[in-house]
């Protein structure tokens, strides 16, 4: 009996301990509300009362960042979203979009007082009132729309957010307002043009600095893999290049074609930018995916000043033997062209990364004697580059009447079309080469 009583006592003790543990766990599981969340919810409530729905959304978002399981924040944010996403009559949509485009903040406020959901209305191109107000730089209208709950990350039919449209237009004050209301300074998905790309393309140093301070990725890639520094170099903007380098941009970044910013500057003939990049230690002999160095691009694109600069700094051409003829043609070295053809007759078929033959280069650069030499060596008069253009197209676009006559006499097709459907005559007219166009028309050229 004593043994049974002892066993019963042990069991009852264990049961009591388990119950106590359960009660304790329940007590501790009932979490006290975080005072920060309580404060944010009160702030959101006041904002909603004053129809400052944008600030209410911000407060709810911040509350859930602190406490992701807070049911009150979730429920109230969901209710606000439902209110702002209600269908809006077509006539109201047309009206709010027109007011946003005009930047009429007072009229917008009156309309949104009656129809709060109009703040998120969309036009036929999916543009919201915020897209239109930002595009026009209407700062008061922008601030009003943000206060009333406009979607800062909405994409229009072209995949553009209000931030990108404002950056494209160079509206620094609008960009700041958007960032203050939670717009992402870097796209959620990589491989897209960023606001910093546009700030550099337009070269708005105040906008670029604002974006940097807000965390913009200096080495973000657009759809072609280009960083802001690639674009600054390609556009020949020494100031933008210096700013980006000082901020920490990578001078050796590669785009999808393997080109560095120095490749872009060299190909564009931007001597000062080349000097800036070289002084920063950029690789002078970097090769793109086609195997071309910056010096090779400078020569092939007809940038003699940049080519001389790169050579003085010790840059290498880095071309295979069969491609040397392309550089000889580009630099106008006819004796060398003849020597190369004598040593390697097949070199006449060499092409650049863009598919251009030596004859394309001679035609575009107006090298008459070189073109005659190449034709005698068997150059293809109908060769097509990556754009479908023949040597005659290049002679026409660059206004080379002597080359046009030579090519036609030797049998070039006068109405060959490139990939855009343009004949040499159409290309000459588009480029404003009236003499070349008149010559082609007199020989039977058609548009």
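Sort the following peptides by mean Cβ neighbour count (other Cβ atoms within 10 Å, averaged over residues), highest first: 403-416, 341-354, 167-180.
Details: 403-416: 18.1, 341-354: 16.1, 167-180: 21.4.
Ranking the peptides 403-416, 341-354, 167-180 by packing returns 167-180, 403-416, 341-354.
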Practice problem: For helix 105-114, report the angle its Cα long axis makes with the longest principal axis of the Cα atoms of the chain; keep it between 0 and 90° and round to the nearest 10°. | Solution: 40
Quiz item: Against the longest principal axis of the chain, how steep is helix 53-66, in degrees 0 to 90 to the nearest 10, with axes from Cα atoms?
Solution: 80
Quiz item: More than 37 Å apart: what percent of Cα pairs in the chain qualify?
Solution: 51
Quiz item: Can you give the FRET efficiency for residue 90 and residue 289, using 1/(1 + (r/R0)^6), R0 = 56 Å, r = Cβ-Cβ distance, to the nearest 0.05?
Solution: 0.65
Self-check item: Extension gain, residue 186 back to residue 434 (0.36 nm per residue minus Cα-Cα distance, nm)
Solution: 84.6 nm
Exercise. May I have the extent of the alpha carbons of the stretch 357-447 along their three principal axes, as whole Å values ordered from largest to smallest?
Key: 31, 24, 20
Exercise. Would you mind pulling out the separation of the Cα centroids of the stretch 252-327 and the stretch 217-246, in Å?
Key: 17
Quiz item: Pick from 120, 83, 254: which residue has the top mean-square fluctuation in a GNM of the chain where Cα pairs under 10 Å get a spring?
Solution: 83
Quiz item: Over the stretch 187-318, with a single point scatterer placed on each C-alpha, what log10 of the ratio I(q)/I(0) does the Debye formula yield at q = 0.09, 0.16 1/Å?
Solution: -0.23, -0.71
Practice problem: Using only the Cα atoms, work out Rg/Rh for the stretch 241-400, with Rh taken as the Kirkwood radius, to two decimals. | Solution: 1.01
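Nearest 0.05, what FRET efficiency do residue 71 and residue 256 give at R0 = 41 Å with Cβ-Cβ as r? It would help to have the intermediate numbers written out before the result.
Numbers: r = 47 Å, r/R0 = 1.15.
Working from the Cβ atoms, E equals 0.30.
Two-decimal Rg/Rh of the stretch 267-320 from alpha-carbon positions, Kirkwood Rh? Write down the numbers at each step before the final one.
Values: Rg = 10.0 Å, Rh = 10.9 Å.
Computed over Cα atoms, the ratio is 0.92.
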Quiz item: So how much slack lies between residue 206 and residue 338, counting 0.36 nm per residue of separation and subtracting their Cα-Cα distance, in nm?
Solution: 42.1 nm
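Nearest 0.05, what FRET efficiency do residue 441 and residue 387 give at R0 = 22 Å with Cβ-Cβ as r? List each step's numbers first, then the result.
Numbers: r = 22 Å, r/R0 = 1.02.
That pair, residue 441 with residue 387, gives E of 0.45.
We did not get these values from a lab; they are worked out from the coordinates using the rules stated. Every value quoted in this text rests on a predicted model; they were computed, and no experiment measured them. Neighbour counts are summed over all protein chains in view; Cβ atoms, including those assigned to glycine, are modelled from backbone coordinates with ideal geometry.
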